[in-house]
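To start, the structure itself, in structure tokens.
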Amino acid sequence: MTITREPITIDKVILHKVRMKLKEPFSTSFGTFQEKDFFVVEARDQEGREGFGESVAFSSPWYSEETVQTNEHMMRDFLIPLLLEKPITHPDEVSEHFAAIRRNNMAKAALEGAVWDLYAKKNQVPLATALGGDKKEIDVGISIGIQPSVEELLSTVGRFVDEGYKRMKIKIKPGWDVEVLKEVRKAFPDIALMADANSAYTLSDLDHLKKLDELNLTMIEQPLAHDDIVDHATLQKAVTTPICLDESIHSLDDTRRALELGSCKIINIKIGRVGGLTESKKIHDYCAKNNVPVWCGGMLEAGVGRAHNIALTSLGNFTLPGDTAASSRYWENDIIDPEVVVSNGVIQIPEVPGIGYHINRQVLEESTLEKQEFHKEASQ
Ligand code: OSB
Ligand code: MG
């Protein structure tokens, strides 16, 4: 495979603001989602190619400080002008162009993702290949929100076990944790099982969290504060279950610091949270070198975001099943064609150039609330 370094000149960016209704509500320790507003970013180059990215921020700042509206502000007023300013020869340059803008990683990642897709299409290779991935298929697990009752949780777990998902992640919060997980473990003694707390605990819960060690969990994800790595190091010393960090990790440097401190043994990589595929790849490579397994997290993405997650997961050190479930788990009709299909807990990595799925323009248009176009200045 020869990858060119010919200049890519982006002369148009279209922001499709989309609203999609989830098939079933999704509850975490910080709230319940019924629908999702987000941006599909479309970048066009001078030769008329189309690249797609998706912003993963939610409407409210519960998971992180970014929202759909802050994404719009950052993209429109700062990031799109930077992207249209000068040609690039490789998508790695996008994060360099954006470096003067502090954080706002989800807004950056949405635009960078569209450029990665364009770049892969220009070189006529799948995005996975452009990233350096060599897997043909990936293993996936599923994330199960907080349920109204233990009975409902057990039947939901059973349904997904039957569908073949390779790992069950159960959302927990105080009052819905040890006892509930005990029931799941009793009903399914052999499944790969983990818990995600989304920062619902503090070190004062240490004795309680220690009880999780008896349940043979693959890991516990982000038990403590969203911005902490120090208390997590204290907790990791006190428990045998590996801790995985999600909310606390925004960059390669955050990853390095967390691993140096012993705050976790596993990293959840979310493209949006770390500012794009380039940074995701750096975190992946650093963890590979340090024998730390990684997996790809999810943000209830629609098809474009799902496609990016799948391509990233083709890299070798994504050894644990991720959260990228089938399109049909979330949406009546996804915005890509074909939709993401999971069979026996496996997704085949597409072999077509770019993100590997076509945009279903009809579904996209039907779900669009608003569309904005940005053009390169004629003089440039
Ligand atoms: O913490 O991983 C998380 C969903 C929304 C916000 C945060 C998280 C999640 C999930 C579901 O766990 C991931 C998915 O199914 O896309
Ligand atoms: Mg999480």
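Read-outs: derived from the displayed coordinates by stated rules, not from any lab. As the structure is a prediction and not an experimental result, all values here were calculated from the model. Glycine gets a Cβ as well: all are built from the backbone with ideal geometry, and neighbour counts include every protein chain shown.
Sorted ascending by nearby beta carbons within 10 Å, beginning with the fewest, THR240, THR9 become THR240, THR9. Our estimate of slack between SER60 and LEU369, defined as 0.36 nm per intervening residue step minus the Cα-Cα distance, is 109.5 nm.
For the pair the range 251-322 and the range 175-203, the centres of their Cα atoms are 23 angstrom apart.
Give me the net charge of SER314's neighbourhood, meaning all other residues with Cβ under 13 Å from the Cβ of SER314; Lys, Arg count +1, Asp, Glu -1. That sum, taken over residues with Cβ under 13 Å, equals -1. A crude spin-label estimate for the pair GLN124 and GLU179, with each label 7 Å from Cα along the Cβ direction, gives 6.3 nm. Mark the label point 7 Å from the Cα of ARG361 along Cα→Cβ and return the residues of the range 28-51 whose backbone N is within less than 13 Å of it. Counting only backbone N, you get 50.
Grouping the Cα pair distances of the range 270-380 into 5 Å bins from zero gives a pair-distance distribution of 2, 11, 19, 20, 18, 13, 8, 5, 3, 1, 0 percent in increasing distance order.
The calculated FRET efficiency for ILE101 paired with SER149, based on their beta-carbon distance and R0 = 35 Å, is about 0.20.
Per the Debye formula on identical point scatterers at the alpha carbon atoms of the range 181-335, with no solvent, log10 I(q)/I(0) at q = 0.18 Å⁻¹ is -1.11. Taking 0.36 nm per residue of sequence separation and removing the Cα-Cα distance, the GLU163/GLU214 pair yields an extension gain of 15.7 nm. In this simple spin-label approximation, SER251 and LYS23 carry label points 7 Å from Cα along the Cα→Cβ vector, and these lie 3.9 nm apart. When the alpha carbon coordinates of the chain are projected onto the principal axes, the ranges are 65, 42, 39 Å, largest first. Counting only DSSP beta bridges whose two residues both lie in the chain, roughly 65 percent are antiparallel.
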